[in-house]
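First comes the structure, then the notes that go with it.
The values are calculated or read from the model by the stated rules, or taken from the named source; none is laboratory data. All values derive from a computational prediction rather than experimental measurement. We place every Cβ from the backbone using ideal geometry, glycine too, and count neighbours over all the protein chains shown.
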C-alpha cells in the first residue's frame, strides 16, 4: 500500500488507525514496521486489538486472556515465539505464561510503543480515531477512552453536531454499505475494508483537490 500510494514521509502525513496486533499472522512484523514508520513521522493511533494485547500482557486475568485468544491471540503469540509454539495441544497455560514472560523480556520497545499510542489525532477539518467518538456529549474530547477504541452503534447511528468529519476504522465498511470500499456517511468516513476477514486494505488520501481511494485486496 505504501508503494501504491507513493508515500513520501518528507511531504506526506501518514495516519495509521490502529489494530496492528492479532489481525493476521505477522503481528510482530507489522508492529515493527509501524514503529519505524512512526520514527519517520507517521501518526499511529491505538486500536482495541492493540489494547487487548496490552491487557493480556499486563497481568493474569482470565477475562483478558479469554478475550485476547478469542480475537487472534494464538497468531499473535506465534509471531513472537514461532509457529510451532503451541504444537498440537492448542491452549496451554504454561506455554501462555512462558510466552508472556518472553515478550515482556525481549520486546519492551513494542510494549512501550503501544502503551504510549494516542487515541485520536485532530486537525481543523478531521478527527482521526479508531472506533469513533461519543456524539451525545457537548465536548467530544470527554469521550470515554473505551469508546475511542470500541464504540459502534452509539456513534454509527447517531449524527454528531460538530463541523469536522470523523475518519474511523473498527467497524467494517461492508456493515455500513454492503461493500468493502470506503464508506462516506454524514460527516463520518469509515475505512475498514475487512482485510483481516478476506476483504481488502483501504487507504484514503486527502489532498486539496479532494479524496482518493487506494485498495489492496487480501490474497490469503
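Structure summary
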item	result
Those residues of segment 124-145 which are surrounded by 13 or more Cβ atoms within 10 Å (Cβ to Cβ) and either under 14 Å from the mean Cα position of the chain (by Cα) or closer than 18 Å to residue 191 by Cα (or both), in sequence order	126, 127, 128, 129, 130, 131, 132, 133
Matching option when the condition is touching a helix residue (DSSP H, G or I) at 6+ places or on another chain (Cβ under 9 Å), exposed (fewer than 13 other Cβ atoms within 10 Å of the Cβ) and either assigned by TED's automatic domain parsing to the domain that holds residue 147 or under 30 Å from residue 7 (Cβ atoms) (or both), among 110, 106	106
Test result for residue 44, crowded, with 21+ Cβ neighbours inside 10 Å and touching a residue at least 24 places away in the same chain (Cβ under 8 Å)	yes
Residues within segment 166-189 that are surrounded by fewer than 16 Cβ atoms within 10 Å (Cβ to Cβ) and within 15 Å of residue 150 (Cα to Cα), tallied	0
Residue 53 being more than 30 Å from residue 12 (Cα to Cα), surrounded by 16 or more Cβ atoms within 10 Å (Cβ to Cβ) and touching a residue at least 24 places away in the same chain (Cβ under 8 Å)	no
Odd one out for residue 15, checked against (1) out of contact with any strand residue (DSSP E or B) (no Cβ under 8 Å at 6 or more places or on another chain); (2) in contact (Cβ under 8 Å) with a residue 40 or more places away in the chain	(1)
Scan of segment 201-215 for residues that are buried (at least 16 other Cβ atoms within 10 Å of the Cβ) and either free of Cβ contacts under 8 Å to residues at least 24 places away in the same chain or in contact with a helix residue (DSSP H, G or I) (Cβ under 9 Å, 6 or more places away or on another chain) (or both), ordered by number	201, 202
Which listed residue is at positive phi, assigned to a loop (DSSP other than H, G, I, E, B) and touching a strand residue (DSSP E or B) at 6+ places or on another chain (Cβ under 9 Å), from 170, 160	170
Condition broken by residue 130, with the remaining ones in (1) over 14 Å from residue 47 (Cβ atoms); (2) touching a helix residue (DSSP H, G or I) at 6+ places or on another chain (Cβ under 7 Å) satisfied	(1)
Residue match in segment 166-173 (condition: within 23 Å of residue 215 (Cα to Cα) and without any contact (Cβ under 8 Å) to a residue 40 or more places away in the chain)	yes
Test result for residue 70, crowded, with 18+ Cβ neighbours inside 10 Å and without any contact (Cβ under 8 Å) to a residue 60 or more places away in the chain	no
Helices (runs of 4 or more DSSP H) within segment 1-105 that include 1 or more residues at pLDDT 90 or above	27-39, 48-58, 73-81
